[in-house]
Amino acid sequence: MGTSVQVKPLCGVYNENPLSYLVSVDGFNFLVDCGWNDHFDTSLLEPLSRVAPLVDAVLLSHSDTLHLGALPYAMKKLGLSAPVFATEPVYRLGLLTMYDQYLSHKQISEFELFTLDDIDYAFQNITRLTYSQNYHISEKGEGIVIAPHVAGHLLGGTVWKITKDGEDVIYAVDFNHRKERHLNGTVLESFVRPAVLITDAYNALNNQPSRRQRDQEFMDAILKTLRADGNVLLPVDTAGRVLELILILEQFWEQHKLAYPIFFLSYVSSSTIDYVKSFLEWMSDSIAKSFEHTRDNAFLLRHVRLLINKSDLENVPDGPKVVLASMGSLEVGFSHDIFVEWASDIKNLVLFTERGQFATLARMLQADPPPKAVKVTMSKRVPLVGEELAAYEEEQNRIKKEEALATLIKEEESKASLRTELTTDDPMVLDASNTHTSSNAVGQRSDAFRDVLIDGFIPPSTSVAPMFPFYDYASEWDDFGEVINPDDYIVKDENIDQTLMAVNGDINGKLDEGSINLVFDTTPSKVVSTELTVQVKCSLSYMDFEGRADGRSIKSILSHVAPLKLILVHGSAEATEHLKQHCLKHVCPHVYAPQIEETIDVTSDLCAYKVQLSEKLMSNVMFKKLGDYEIAWIDAEVGKTESGMLSLLPLSSPAPPHKTVLVGDVKMADFKQFLASKGVQVEFAGGALRCGEYVTLRKVGDASQKGGGAAIQQIILEGPLTEEYYKIREYLYLQFYAP
């Protein structure tokens, strides 16, 4: 049997809910993504709660809430304790995303699902990997290799490749094949014929215009509003797609010398851009080359001003402006409050660049036609005053007294317990019953001094010398000496830059100053909420800047990758069924779209065996160099070792002859240069290589076609059997390796 693979969706199938899936590879349980929505609806995590203690490793693909939002809560409340793997940008920007979510919710509610300390605890032990870096799982997952690859959706976004015994399980959701200003396209197309591919149907029904057309429509809509003396609000995420929007605005403002102010408003805006400046190696080739040649960092912003408090925006002089504000759902954050203020002005524009999450205000406003009025809840935190403040302080004093009393009782119990452990013969204990004093020294004194030691203590003859407590810890020993615990000798990395905040809640300066003030603000306060009906008179528009491949591209990429088995997740029921039917006809015969908590067994039908190469066999093998590798023919017969493991042994009879196999690939352009260096007149004509006067060389077939390595690629050499023909054929053979 091949590698055993089971997939169990925990959230995010046949709908657009957050993503979370359990992937088991030979009994090793991967939790792939651990998402939540902006409502932080705990009912979505019920399936996760049933399997969280069984998870062996967590793989995070993107830095937004939909992919990692539930991680702090799952570790705090659900028993998730497995190691977590992500790229450096997903770790850093995911941490900032969760900070922004917490601070946004804390300002409008008594948010208690998790704290900043819980966020730090969840993120502090994430193992960060670079693209294409192979990480070998140990112990229970021995033999499993994981590696992140470029997804192209968000900075650091990942297509995860899980390999066991030569079989690949690919997890690729929210990928983008298009090259953007700050990101390269996905490398998903480089994987051919994986055993299992898990991907999403989110965009299966959508097709996108060209990037140039989309960008032009985007800027036209913004400039039209600004020139009409209106304001533009772009509800955005914390540290994801907002980066692409910032670059678009920066470049357009620079090219056209515009003076309209642009603001990026979130609780962590400054920290976000500071970190992004250091992630140039994770960005597009154009950004990296620009920095190499001119030392120009694309995120040294000249036109976009970073704000961390809405009061800073209110202090800006009146006039048309562009504001990018979190959150994209309009449920919480600065974008919610700004929308309520600007919605009633017909001159303003609210421009959505991503589809709103299900059942959010943003999704409601993106309906066709949009509503003319919406009901919203305006909440804010205000200081306690008067009787409320007095009652709060009285309650706090009562709690402090109870805590002090509990501490005192605990100390007394501890002392009483200690006394019972001490014997009456202990010379360090002062007690009247065993204190011996000189009668001459005490006799003339009052009774009040009978228990006072005048010239030191005189221990009884039965007592032992005073000593401090001593505990003898028995050590374990083996043939190599004392057995040690390696964890006792590990020096933990306490570099202050490794985390934005320490686990105990101390800020190390990486959060914005306004956010720090919110964290340390201990002023007694309460949340006041009011219901409002907002008249939506402003313009509403949606343009797709989500950074996902569209339906046409998804189908093309899946046909090229041609997985043996395909699992579809995360998309509306209509989109999922549409893509499933297409893939059954054009991609592979094994396509699955499981329901929540439905386990799909996608174990490979291939048979793989581990064999041992005997020393006697290997001593007679002749290797030949093939690039960075060495290859050889092996003629052997299968036997078994004493332990029962399969082994390849030398043949008991002479090996049969075999045909010559040419290993390698010839690039026509390289071969043309090689022939030219040998003095052969050569040129391309009609897709073939014309060599000399009569010989023609052409390729038939394509190794990149469906089926990948199974495709047959032929090189045809045509021409009369002349000396020139045999000479060119010899040159052609030199391009290959013949073991």
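The values are calculated or read from the model by the stated rules, or taken from the named source; none is laboratory data. Here the structure is a predicted model, which means the values were calculated and not measured. Methodologically, a virtual Cβ is constructed for each residue, glycine included, from the backbone with ideal geometry; neighbour enumeration extends over all protein chains shown. What goes into the accessible areas is simple: the full protein's heavy atoms, side chains included, and nothing from ligands, DNA or RNA. Shrake-Rupley method; radii C 1.70, N 1.55, O 1.52, S 1.80 Å.
The table below lists the values:
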{"item": "Area of LYS672 that stays accessible when all protein chains are in place (1.4 Å probe, Å², to 10)", "result": "70"}
{"item": "Å² per residue, accessible surface of the range 225-348 at 1.4 Å", "result": "39"}
{"item": "Linear extension gain, SER81 paired with VAL385, 0.36 nm per residue minus alpha-carbon span", "result": "105.2 nm"}
{"item": "Label zone at SER132, where the point sits 7 Å out along the Cα-to-Cβ direction: the range 283-305 residues whose backbone N lies under 14 Å", "result": "285"}
{"item": "Residues whose placed amide H lies under 5 Å from that of LYS526, excluding near-sequence neighbours", "result": "VAL382, LEU384"}
{"item": "Accessible area in the full protein assembly, largest first, 1.4 Å probe, for SER63, SER653, SER643", "result": "SER643, SER653, SER63"}
{"item": "Solvent-accessible surface ranking, highest first, for LYS380, LYS224 at 1.4 angstrom", "result": "LYS224, LYS380"}
{"item": "Extension gain, ALA228 back to ARG214 (0.36 nm per residue minus Cα-Cα distance, nm)", "result": "2.9 nm"}
{"item": "Integer Hz, Karplus 6.51/-1.76/1.60 couplings in order for the range 261-268, x for Gly and Pro", "result": "x, 10, 10, 10, 10, 7, 5, 10"}
{"item": "Alpha-carbon centroid distance for the pair the range 138-172 / the range 213-246, whole angstrom", "result": "36"}
{"item": "Estimated vicinal HN-Hα couplings, Hz - the range 361-370 in sequence order (Karplus 6.51, -1.76, 1.60; Gly, Pro = x)", "result": "4, 4, 5, 5, 6, 8, 5, 10, x, x"}
{"item": "With all protein chains modelled, accessible area of ASP56 [1.4 Å, Å²]", "result": "30"}
{"item": "Long-range amide H partners of GLY356 with built H, under 5 Å", "result": "ARG363"}
{"item": "Amide H contacts of THR3 (H built 1.01 Å from N, under 5 Å, at least 5 apart or other chain)", "result": "SER604"}
{"item": "Pair LEU646, GLU402: separation of 7 Å Cα→Cβ label points (nm)", "result": "6.8"}
{"item": "Per-residue HN-Hα couplings for the range 715-724 [Karplus 6.51, -1.76, 1.60; θ = phi - 60°; Hz; x = Gly/Pro]", "result": "10, 9, 10, 10, x, x, 6, 10, 4, 5"}
{"item": "Euclidean distance of C-alpha centroids, the range 5-77 and the range 532-573, integer Å", "result": "21"}
{"item": "Heavy-atom accessible area ranking, 1.4 Å probe, most first, across ARG305, ARG548", "result": "ARG305, ARG548"}
{"item": "Rounded FRET efficiency, nearest 0.05, which uses the C-beta distance separating ASN15 from ALA259 and R0 of 45 Å", "result": "0.50"}
